[in-house]
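The values are calculated or read from the model by the stated rules, or taken from the named source; none is laboratory data. Computed from a predicted structure; not experimentally measured. Here the Cβ positions follow ideal geometry from the backbone for every residue, glycine too, while neighbour counts run over all protein chains shown.
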Amino acid sequence: MEAANYKGTDKMILGIVLGVITFWLFAQAMVNIVPAVQEDLGVDLGVVNIAISLTSLFSGMFIVVAGGLADRIGRKKITYVGLVLSVAGSLLLVLSQGAVLLIIGRVLQGVSAACIMPATIALMKAYFEGAERQRAISFWSIGSWGGSGITSFAGGVIATYMGWKWIFIFSIIVALLAMWLLRDVPESKAKTSGKFRFDYGGLGIFIVTMLAINIFITQGSELGWTSLTTILLAVVSIIGVIVFIYYEGRKRDALIDFKLFKNKAYTGATVSNFLLNAVAGTLIVANTYVQVGRGFSPFQSGLLSLGYLAAVLSMIRVGEKLMQRTGAKKPMIWGSLITLIGVGIMGMTFLPDIPYTITVFVGFILFGLGLGMYATPSTDTAVAAAPDEKVGEASGIYKMASSLGNAFGIAISVTVYSTVTTISSVHMAAVAGIVTNVIFAAISLISIVILVPHAIDDK
């Protein structure tokens, strides 16, 4: 261990959890306050939607870069950079009177997320091992996997009773508290030899490719999937991926070391993480369907998913204990299977109103139970399988898979749902959208069975 004499590990864990939660405060809560922001700032709905998407875009573009830098210049240092950017971005939103500060603030928050997520995972690997690391990562997972639900609910309450800007005032307070708790943590960085040369060429190719993919996913339906612009974006995305892989394979100090994927455990954890995050499209389809097809209000549809939040939070530590008893593979399989079942029963739209409402409520609980069981074993597998000198970069790729999976899943689910509504009923559209997510969960399950070994050796 890099800092065996450091005694403030519990304080460090709390600081890291708060750092992760501040990310969710500005990321997830923003989705729930669109009308309030639009009315208060007097901006178009399109501007608010762009502001929301910019955070995930910049997070996705820079998360691997930040993870690699954390390994080389210091994981605590990059965590602090992320927290400072979080404060700055949130402050701009609090001071915003129009679109300019709103946009700039969201960009800073995206880069902040890119720094916080991989650097904090890498700190967990540096300061803990074995069962202690698994315990620490389960708390990290509570902040990450549970944080989205916690902050979504808390953000709605704060916005309703105090005003939407207070969400970001609380985000600043949480970030400052995290910085205070982490102040005495000794620095952690990878042992490297030779002079480091930053891969600017790889970063350039990566940014262009990520921009093309992101615009293709989020704007494809509006532009038209067969329009020239959308086709060009798809071509740039495909060529960009090919060129990036070829270019990085020839670089000594590559932005992404594809040799990481030679480890089957790491590949299995990352691929299944991508696919289970894609199942997030279920939330959009189910909530839209119960409002459009069953006449629920937004508040009522929100209540249906409360069981999901409670289940995720309650099962994360259970997943940790199961992993310690059986290894990581079994709870990852069980979690994916329970998620698949939970999502699948939500597609039973032939049921009458009350039975269907009960079914969806139970489905959300199973969805949460599955993800909660999967979270810690998956994250620990990715961390344990990564070499010590590459854990920040590996964590960045793992978290990038989360962001891309979420974006792909939502975009594909919404496209399937909206396409089917044009040729059939909303009931059939919901079935089609749900089946799409069942397929994501099934492929995730298969990837775990094939790739993840029964025993994971620490690197």
The conditions are (1) modelled with pLDDT under 85; (2) in a helix (DSSP H, G or I), and MET428 fails exactly one of them. Which is it?
(1)
Picking from PHE206, PHE198, PHE168, which residue would you name as being buried (at least 18 other Cβ atoms within 10 Å of the Cβ), under 26 Å from ALA401 (Cα atoms) and out of contact with any strand residue (DSSP E or B) (no Cβ under 9 Å at 6 or more places or on another chain)?
PHE206
Select, from THR436, THR381, THR419, THR415, the only residue that is closer than 24 Å to THR326 by Cβ and assigned to a helix (DSSP H, G or I).
THR381
Of all residues in region 214-229 being of a type in the set (A, V, I, L, M) and surrounded by 13 or more Cβ atoms within 10 Å (Cβ to Cβ), the one that is farthest from MET61 (Cα to Cα)
LEU223
Enumerate the helices (runs of 4 or more DSSP H) found wholly within region 244-319, keeping only those where 3 or more residues are in the same structural domain as LEU451 (by TED's automatic domain parsing), of a type in the set (A, V, I, L, M, F, W, C) and touching a residue at least 12 places away in the same chain (Cβ under 8 Å).
264-278, 281-292
Among the helices (runs of 4 or more DSSP H) lying completely within region 23-142, list those that include at least 2 residues that are within 15 Å of the chain's Cα centre (by Cα), of a type in the set (A, V, I, L, M, F, W, C) and modelled with pLDDT under 75.
45-73
Output the residues belonging to region 340-362 that are buried (at least 24 other Cβ atoms within 10 Å of the Cβ) and either in contact with a strand residue (DSSP E or B) (Cβ under 9 Å, 6 or more places away or on another chain) or free of Cβ contacts under 8 Å to residues at least 60 places away in the same chain (or both).
GLY342
Residues located in region 301-315, provided they are of a type in the set (S, T, N, Q) and farther than 17 Å from MET373 by Cα:
SER301, SER305
Can you name the condition, by its number, that LEU232 falls short on among (1) at pLDDT below 85; (2) of a type outside the set (Phe, Trp, Tyr); (3) not in a loop (DSSP other than H, G, I, E, B)?
(1)
Can you tell me which of LEU232, LEU211 is out of contact with any Cys (no Cβ under 7 Å at 6 or more places or on another chain), surrounded by 14 or more Cβ atoms within 10 Å (Cβ to Cβ) and among the hydrophobic types (A, V, I, L, M, F, W, C)?
LEU211
Complete set of residues in region 365-374 that are modelled with pLDDT of 90 or more and hydrophobic (A, V, I, L, M, F, W, C)
ILE365, LEU366, PHE367, LEU369, MET373
For the list (1) surrounded by fewer than 22 Cβ atoms within 10 Å (Cβ to Cβ); (2) modelled with pLDDT under 80; (3) outside any helix (DSSP H, G or I), I need the number of the one condition that ILE456 fails.
(1)
